[in-house]
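One structure below.
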Amino acid sequence: MYESRHQKPLTTRHFRRRVLNHFLIASALIIGSLLLGMCGYHFFENLSWTDSFLNASMLLGGMGPVESPQTEWGKLFAGFYALYAGLVFLIAVGIIAAPVFHRMLHLFHWSDKESR
């Protein structure tokens, strides 16, 4: 997927496209996770879609739920979704940061002499 250290670094235009692609992938992951959380709160806790959105987005953002779950299944869902949301946040940051860190390391290790 990425160029090796023996290849010339990407042009700025291609690098920006790569960063945009990674951002879109991370955005899709977050939107899918938000929809999953909304469905869970809506069906397990019988919350409105607006309240389900609020609870799911607060968990994905790291703030915690607004309303405490009342049902046993809702409590189980909220616990597992909270664990999942923490992982999704870290994974999304990694997806977005990966091309930037790769470029920094690539520029640090690459030289014109190696490409000849």
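Taken together, the values in this text are just the output of simple stated rules run on the coordinates, not laboratory data. Predicted model only: the values in this text are computed from it and were never measured. FYI the Cβ positions are ideal-geometry reconstructions off the backbone, even for glycines, and counts take in every protein chain you see.
Miscellaneous remarks
- Inter-label distance, nm, simple model (7 Å from Cα along the C-beta direction), residue 48/residue 70: 1.5 nm
- The angle separating the long axis of helix 72-109 from the principal Cα axis of greatest extent in the chain is about 10 degrees.
- For the chain, the longest principal axis of the C-alpha atoms and the axis of helix 49-60 are separated by about 50°.
- Helix axis angle, 12-45 relative to the chain longest principal axis, alpha carbon, degrees: 10 degrees
- Three-way shape label, segment 1-46, alpha-carbon gyration tensor, a/c 1.5: prolate
- Divided by 2.2 N^0.38 Å, where N counts the residues, the Cα radius of gyration of the chain comes to 1.49.
- Spacing of the modelled spin labels on residue 35 and residue 8, each 7 Å from Cα toward Cβ, amounts to 4.1 nm.
- Based on C-alpha pairs under 8 angstrom that are at least 6 apart in sequence, the chain has a relative contact order of 38 percent.
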